Every structure is written in structure tokens, then in C-alpha cells.
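The values are calculated or read from the model by the stated rules, or taken from the named source; none is laboratory data. Just so you know, these numbers come straight off a predicted model, no measurement behind them. Virtual Cβ from ideal backbone geometry, glycine too; neighbours counted across all protein chains shown. Accessible surface is based on the protein model in full, side chains and every heavy atom, while ligands, DNA and RNA are left aside. Shrake-Rupley method; radii C 1.70, N 1.55, O 1.52, S 1.80 Å.
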Amino acid sequence: MTVAARAARVQARLKGVEALLVSDLTNIRWLTGFTGSNGWVVLYEDGLTLITDGRYGVQAEQQLAAAGVDAEVRVGATGADTLAHIAASCAGHARVGFESVHVSVHQHEMYAAAISNELVPLVGVVEAERRTKDQAEVNAMSRACAIADQALAEVAPSLSDGLTEAQVRNRLELRMRELGATGPSYDTIVATGPRNAALPHHRPTDTVIEHGHTVIIDVGALVDGYHSDMTRTFVAGSPSSQQQDLYHLVLRAQMAGVAAVRPGLAVKDLDGVCRNIIAEAGYGDWFTHGTGHGVGLLIHEDPFVNRAGEAILQVGDVVTVEPGIYREGFGGIRVEDLVVVTSDGCRVLTSSPKDSPCPPSPPTI
Ligand code: ZN
Ligand code: ZN
């Protein structure tokens, strides 16, 4: 499966419209390989047109050719000219869908003034196909996972050395770049102690990692535009019995979640697998977020795995499984892996150790 094959998947999904005006840049990148900061795609039954401005004309031609996408590229000299190209590309299609989630009221007013066709608001048309990853996408995310695994393996032994959260973050992000990542997948989380680790999305500070404190590290790499996502929890020094018990509770919930992943499973049921184990142990109130989310060109994308989710897992979904528990005064524990859904279950893309001990030191709890 290549980039060029993706447009056909979306074209087959167009119902009640003859064309789709794609304005979301992530969707445009997925459809064409184009990474510029200004662009539109008009997708119709038998092809597509990419419209951009003068900064990106050459880049667009090169990136579409590299991706094997056979499409016309139109370059607008001014904003009005670009809009005229969009309108001309829509001409001849009676009903044109647009991505209502990604279009502001102002943009819609501009489209409506320039485009004489009927504009039909649509939600999630490209995203519905984009969530199913092809082999090239899974390969990029596997490489991103391997880089984060390697960086964490190299940095984890220094967690007992009196470093600050920010210093650990810096070492991880530098190593990921040296290992070939474009950069971190997101702002790396290093959260320690009874207060910081109690915040699921804490931003690293100058807090020193102290013996006896939990350290949550949530780290991913970016490779060819694709993200990875993984969390491990450590204790600097020797864990207390409470830390041991709660770590094994979270780990048991996380492993049960990974074991449950298969096509046909409702995301709310996957969430339930993890949540019920933690709730039955009496810590349901400490599990304050959803179980996971899709990952791809965005770090958070469909399908979202939580109690309210309506999605059903499909082959090719790449999702996280990341239960956690948090309480001010205790800190927090989260374990997160990235998995790709396969015909008979899933394949785990992240491979950092989760069990005790995690050599060389310090151990995961
Ligand atoms: Zn994460
Ligand atoms: Zn995540």
C-alpha cells in the first residue's frame, strides 16, 4: 500500500457529494505526501488537485512525485488567486463536501462566496481511512518506538543520580535525535514525587528525583512524520510495599488490556478491561483518564479509547493502552504501550521492559 492508494480509499467513501475539499494539513499530508503549511486538496471520483501558494509550488511537485501521487498542482499568487484555484477545482461538481471540523466560520464564508457549488459539511471522512495504517506507516512508527526504547534504556540508569526532571527530559530528547528521530513526538513527560507524578500530563521542572519517589516517564520519537508513545514508571532506589503493590496493579490492568486488543472489540470495552481491574482493587477514583488513543501523523487521533467511545477496533488501528493511577501525596504510576491491531489480536510496537527488575538499574518497580 502506497500513499497513492490512499485517495482511492477516501473516494470510495464519498456519499452524496461529487468532490471533497480537504483543508486539514494532516489529512493533506496523508493523502499526498505534501508537508507545506498552506494547502488544499480537492478530491473527486477519478483524481485530485492540490492547491498551494508560491512558497510551496516546487516542493509540492517534488513531494507528490516522490509519493507516487499523480495529481495536478495549482499555485496561487495571492490569497484571492488561491481561492479562485480552489473554486475552479470544485467547478463541475454539483455538491462539494468540506471538512466542517477543520474550517472556521470565516473560512466557510470565504468558500461560500467563491465557490458556486453546494457546500456540504462532512465530518471525519479522511480520518476514517487515515486511522487504518498501511505497512509503511507501521514501519515508521516501529522505528520511532525503537528509538524511544533505546533512549530510555540508556537514560534510565541515571535516574538515581540526583538529576532533575528537566535534565532527564533533555537527555532523552537529545539521544532520540542522535538515534535518528526528527525530534520528540511530544513534550516528553518526566514527573516525580508525591505532587508532580500525581499529574498525568506534568511538564518537567527543576524538581530533583529523590530516592523512594516514583518517576513517570512518557516518551516518544518522531520519524517521517509519525509518532510513537510509551510510558514507564520507575522508583529511584527501593520501592515501598505500597509502590510495589500499586505498580503491579497498574501493570496487571495494562497487560490485560493489551491481551484483550483484537479487531471487533469496542473501545469502551477495552477501556473497561483496564478500568475494572483497577476499580475492583479499590482505586477506580485514581484512574482519571481514558485508557488510550490512536497514534499516527498526530500523537492523539482516532480511535480514542475511553468509556464514551463508540469506535470498534479494526485491523490496522494503532492505539495506546495506558492505564494509570494518580493521587496527590502518593504520586502516580502509568504504563503505556503502543500496539497495532492485527487479524488475530495485536502486535506490541514498544519493547522497553515492564517487569521487575529492569536492568541495569534502577528497576522498574
Ligand atoms: Zn504517552
Ligand atoms: Zn498516550
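Give me the percent of the accessible area of the range 3-130 that comes from carbon and sulfur atoms, probe 1.4 Å, all protein chains in place. Don't skip to the answer; put the middle values down first.
Values: 3050 of 5650 Å².
So the carbon and sulfur contribution to the accessible surface is 54 percent.
Below 8 Å between Cα atoms, with a sequence gap of 6+, how large is the relative contact order for the range 3-130 in percent? Provide the component values of the computation, followed by the final result.
Working: 230 pairs, mean separation 35.2, N = 128.
Here the relative contact order equals 28 percent.
What's the Kirkwood radius of the range 232-340 in Å, using all Cα pairs? Each step should come with its number before you reach the end.
Working: mean 1/r = 0.0709 Å⁻¹.
It is 14.1 Å.
Run the reach check for K354 against aspartates and glutamates, Cα to Cα strictly under 17 Å, same-chain hits fewer than 8 apart removed. What comes back?
Filter leaves D149, E154, D218, D229, D245, E322, E336, D337.
Starting at the first residue of the range 278-287, write each ³J(HN,Hα) from the Karplus equation 6.51 cos²θ - 1.76 cosθ + 1.60 with θ = phi - 60°, in whole Hz, x for Gly and Pro.
Computed from phi, the couplings for the range 278-287 are 6, 5, 5, 7, x, 10, x, 5, 8, 9 Hz.
Quick one: angle between helix 165-178 and the longest Cα principal axis of the chain, in degrees between 0 and 90, rounded to 10, please.
50
Report the Cα-based extents of the chain along its three principal axes, largest first, to the nearest Å.
70, 39, 36
Helix 79-90: angle to the longest alpha-carbon principal axis of the chain, degrees 0 to 90, nearest 10?
Between the helix axis and the principal axis of the chain, the angle is about 80 degrees.
Relative contact order (percent) for the chain, with alpha-carbon contacts under 8 angstrom and 6 or more residues of separation?
That works out to 14 percent.
Length gain on complete extension for the stretch A166 to R327, per 0.36 nm per residue less the alpha carbon to alpha carbon distance? It would help to have the intermediate numbers written out before the result.
Working: separation 161, 0.36 × 161 = 57.96 nm, distance 2.18 nm.
Full extension of this stretch gives 55.8 nm more.
Which of the peptides 37-46, 236-245 is most tightly packed, and how do the rest follow, going by the mean number of other Cβ atoms within 10 Å of each residue? Can you show the working numbers first?
Values: 37-46: 18.6, 236-245: 14.6.
Ranked from most to least packed, the peptides come out as 37-46, 236-245.
Over the chain, give the accessible area per residue in Å² for a 1.4 Å probe, as an integer. The partial results should precede the final answer.
Details: 14950 Å² over 365 residues.
With the other protein chains kept in place, the chain gives 41 Å² per residue.
Expressed in nm to one decimal, what extension gain is obtained for the pair E72 and T35 from 0.36 nm per residue of sequence separation less their Cα-Cα distance?
Values: separation 37, 0.36 × 37 = 13.32 nm, distance 1.62 nm.
Extra length available between E72 and T35 comes to 11.7 nm.
For helix 241-260, what angle does its Cα long axis make with the longest principal axis of the chain, in degrees from 0 to 90 and rounded to 10?
Roughly 40 degrees between the two axes.
Points 7 angstrom from Cα along the Cβ direction at D134 and L298: gap in nanometres?
Result for the modelled spin labels: 2.1 nm.
Separation between the A256 and S241 pseudo-spin-labels, each 7 Å from Cα along Cα→Cβ, expressed in nm?
2.3
Given points 7 Å out from each Cα along the Cα-Cβ axis, report the A12 to S100 separation in nanometres with one decimal.
Each label point lies 7 Å from its Cα, and together they span 2.6 nm.
Amide H to amide H under 5 Å from F304: which residues, 5+ apart in sequence or cross-chain, H placed 1.01 Å off N in plane?
G294
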